[in-house]
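Encoded as structure tokens, the structure appears first; notes follow it.
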Amino acid sequence: MQARTMLKIAQKYESLTRFIPVKFLPFIYSKMRQYFMDKFYRQLIANTSSIPLNYSDSRILWGIKFGSGLMNAAGIFKNGEGYDLVAFQGAGGYIGGTSTTNPRSGNIKCGVKLPFISLSKSDIAVNFLGLPNLGDEILSKKLLTTKKVDGCPIGWSVMRSPDYEEAKSLELLVQSLFKYQDNLQIDFIEINESCPNVKTDFSNLDRCLEYIAQNFLVNRSRRLPVIIKLSNDIHLESIPSILDLLFKYRFDGVNLGNTSTNYSAFHNKINNPHEKKLFDYFTTTFGGGVSGTVLKSSSLELCSKAVNYRNKINPDYEFHVIRTGGIDSMADIIASNAAGISLNQWYTGYFKNYANFGNSLYQNL
């Protein structure tokens, strides 16, 4: 069975899950997701017989050509799969990861491996995957493609491992950054500080950014842009102080939005009683990050605030704002363009559109 067919069947019969006690559903959804992703990855080579080059919304960021303002978010291709597929589909760029210095098998809780649920009527997904990846030693050396496409640059998402205390995790993160710098296929780096697996204490953000800047940014052997990715749960009032830090240490951009752990904010937005019950059970039992269209207004608001502050300060170097969270339509891209947001990344919206349009998902925007 093809991966897209699996998605469409799952959508068609998802209403039947209301007859299943919610305590069993995380196991069912998680198993289905693992089976789907295995099928999805296995199809990648077969689906890349030709590459469309008719980009119509290209832009140049940091001297790098992005074929459009939309690309996948980190987390879809954790181990560097799929570049040829997204280039074939017409994505404006590609990002692999998120990876950590050490290999991780991901979370297992209550007998559920890589816990995940999808609430299709509410356009919400919640995952407690736990950063499964092969580790930076392997992934930094991976050949991501043999036919890199002009207009589809490659980024990599990396983060400090939650398996080490802060000082050690930062030291290992910097070692990994140099490894990815040596992979000349990689055009930019995204450091993930938004993951629900690692609590970001913004009181020590200055210390973390300073360490990365002093030990990696100033020692880069090539012009490799480094972006900091932060959570959807940031308060608007903190945007100026966060950007001041990024300007101070001369990071090249910020990615705002991603997932949220503010579960109470979404409880009342779920109108379907069964989905609300499942959402409450999952977030209480497992936790994890919320994604989906419920994040689109907050991700736009955060990024708009960041763009306005950047324009006000007018730093003396190139700095871009990237939006992640809730993006699933052309209207979202138009709103981002109007706000001055440089680039958009999608995850839940990618799979929603993949189910509807297959490999034509970017064209159908």
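Every read-out reported here was derived from the displayed coordinates using simple, explicitly stated rules and does not represent laboratory data. If you're wondering where the values come from, they're calculated on a predicted model, not measured in any experiment. Cβ: placed from backbone, ideal geometry, glycine included. Neighbour counts: every protein chain shown.
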* For the residues 62, 156, what sequence is obtained by ranking on other C-beta atoms within 10 Å, fewest first? -> 62, 156
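Counting each pair of different Cα atoms once, what's the Kirkwood radius of the range 321-365 in Å, rounded to one decimal?
One over the average 1/r among Cα pairs gives 10.7 Å for the range 321-365.
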* **Value of [θ]222 nm, deg cm²/dmol, for the chain, DSSP H segments ≥ 4, -39500 (n - 2.57) each, nearest 500** => -11000 deg cm²/dmol
* To do: Give the relative contact order (percent, whole number) for the chain; include only Cα pairs under 8 Å separated by 6+ residues.
  => 17 percent
* Structure fact -> For residue 98, the residues 5 or more places away or on another chain with a placed amide H closer than 5 Å to its own amide H are 75
* Report the far tail of the P(r) of the chain, meaning the percent of Cα-Cα pairs longer than 39 Å. => 10 percent
* To do: For the chain, set up a Gaussian network in which alpha carbons nearer than 10 Å are linked by springs, and say which option among 114, 205, 300 fluctuates the most.
  => 205
* Starting from the amide H of residue 232, placed 1.01 Å from N in the peptide plane, find each other amide H under 5 Å away whose residue is 5 or more places distant or on another chain. => 257, 259
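List, in the order given, every pair from 39/141; 78/168; 121/269; 109/296 whose Cα-Cα distance in the structure shown is over 21 Å. Let's see the in-between values first.
Details: 39/141 25 Å; 78/168 23 Å; 121/269 11 Å; 109/296 29 Å.
Beyond 21 Å between Cα atoms: 39/141; 78/168; 109/296.
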* So between residue 356 and residue 337, what do we pick up on full extension, going 0.36 nm a residue minus the alpha carbon distance? -> 4.4 nm
* Antiparallel %, DSSP beta bridges [both residues in the chain], to 5 -> 35 percent
* One-quarter of the Cα convex hull surface for the range 117-250, in nm²? -> 10.3 nm²
* Asked: How large is Rg over Rh for the range 176-330, taking Rg from the Cα atoms and Rh as the Kirkwood inverse mean of 1/r across Cα pairs?
  -> 1.02
* So how strong a dipole does the range 60-181 carry about its Cα centre when Lys and Arg Cβ are +1 and Asp and Glu Cβ are -1, to the nearest 20 debye? -> 220 debye
* Asked: Working out 0.36 nm times the residue gap between residue 301 and residue 41, then minus their Cα-Cα distance, what length gain in nm do you get to one decimal?
  -> 90.2 nm
